[in-house]
Amino acid sequence: MDDIRGAAAGTELDEVHHLVRELSRQGKPVVAVMRSMGASGAYYIAAAADHIVANPLTITGSVGVIIPHFEYSELLDKVGVAYTPYKSGEMKDLLSGGLQRDPEVQRQANEHLREIVDASFRRFAEGVAWGRSGYSNAEEVMAAEFGDGRILSGTQAHELGLVDQLGYFDNALDKARELAGLEEVNVVRYRRPWSLRDLWIMRAGEGDTNLMKIELPNLLDSGQALYYLLPGLL
């Protein structure tokens, strides 16, 4: 994995984490390499790998869960806008920031959201403990120094056992070759297939269209990719 970044889509991240685990169970070694950033959900995926390589300056960690919420009911009152939903139950709009709730209802909403966050955090911590030999269970991960959700440099993550090796992409390739027991290999890089829409976007700006223009060299150098080792065919 190269330059994997955090995301909020927990279900998708959990599915990828599960698939990486399955590769390991099948005896297919997986090495994750983190360059500029591999934090939060991206680290959750990497934690399932057999070996993690990070640059000393990589931004990683951020082990935790967050549900963003904005409270703007006073702003609506100020501009003369009223939020009056028609709903089937008190909790149907518990994430809406435009409603001033009864204190008891708000307390119940807070407790419910806390349960969701805690359960998701435990799931995250279990995944980290599964892949990191220095942590035997979720409780140890949650109680660790980084359990408060802080970001870490690659060097700090290495000291805390969240990263196996400090290095670069070539180091990750060497480790993958070692774990696979291969001497001659080809490195295959996957990219999203081109489409007519991509070509249309790149031509944007030449006419009256308002589509964003994307330069081909910048797209090719974006660095977002997955790699795997293939035994030499030549």
Report summary line: Going through region 46-75 in order, the residues found to be surrounded by 18 or more Cβ atoms within 10 Å (Cβ to Cβ) and among the hydrophobic types (A, V, I, L, M, F, W, C) are Ala46, Ala47, Ala48, Ala49, Ile52, Val53, Ala54, Ile59, Val63, Val65
Report summary line: Selection from region 169-199 of residues farther than 18 Å from Pro29 by Cα and either in a helix (DSSP H, G or I) or modelled with pLDDT of 85 or more (or both) yields Leu196, Arg197, Asp198, Leu199
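Rundown of residues vs (1) without any contact (Cβ under 8 Å) to a residue 60 or more places away in the chain; (2) loosely packed, with under 12 Cβ neighbours inside 10 Å, yes/no style:
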| position | (1), (2) |
| --- | --- |
| Asp77 | yes, no |
| Lys87 | yes, yes |
| Pro103 | yes, yes |
| Arg107 | yes, yes |
| Gly131 | no, no |
| Thr155 | no, no |
| Gln165 | no, no |
Query - Residue under evaluation Val53, criteria (1) in contact with a Gly (Cβ under 6 Å, 6 or more places away or on another chain); (2) at pLDDT 95 or above; (3) within 17 Å of Glu126 (Cβ to Cβ), criterion not met - result: (3)
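Yes or no, residue by residue, for (1) among the acidic types (Asp, Glu); (2) under 23 Å from Thr58 (Cα atoms); (3) within 17 Å of the chain's Cα centre (by Cα); (4) assigned by TED's automatic domain parsing to the domain that holds Lys92:
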position: Gly127; (1), (2), (3), (4): no, yes, yes, no
position: Gly131; (1), (2), (3), (4): no, yes, yes, no
position: Ser136; (1), (2), (3), (4): no, no, no, no
position: Glu140; (1), (2), (3), (4): yes, no, no, no
position: Glu145; (1), (2), (3), (4): yes, yes, no, no
position: Leu152; (1), (2), (3), (4): no, yes, yes, no
position: Ala157; (1), (2), (3), (4): no, yes, yes, no
Query raised in the report: Would a scan of region 52-73 turn up a residue that is assigned to a helix (DSSP H, G or I) and on the phi < 0 side of the Ramachandran plot?
Result: yes
Query - Selection status of Lys87, part of a helix (DSSP H, G or I) and either at pLDDT 95 or above or farther than 18 Å from Ala32 by Cα (or both) - result: no
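The values are calculated or read from the model by the stated rules, or taken from the named source; none is laboratory data. Computed from a prediction, not measured in an experiment: that's the story for all the values here. Here Cβ is always computed from backbone atoms with ideal geometry, including for glycine, and neighbour counts include all displayed protein chains.
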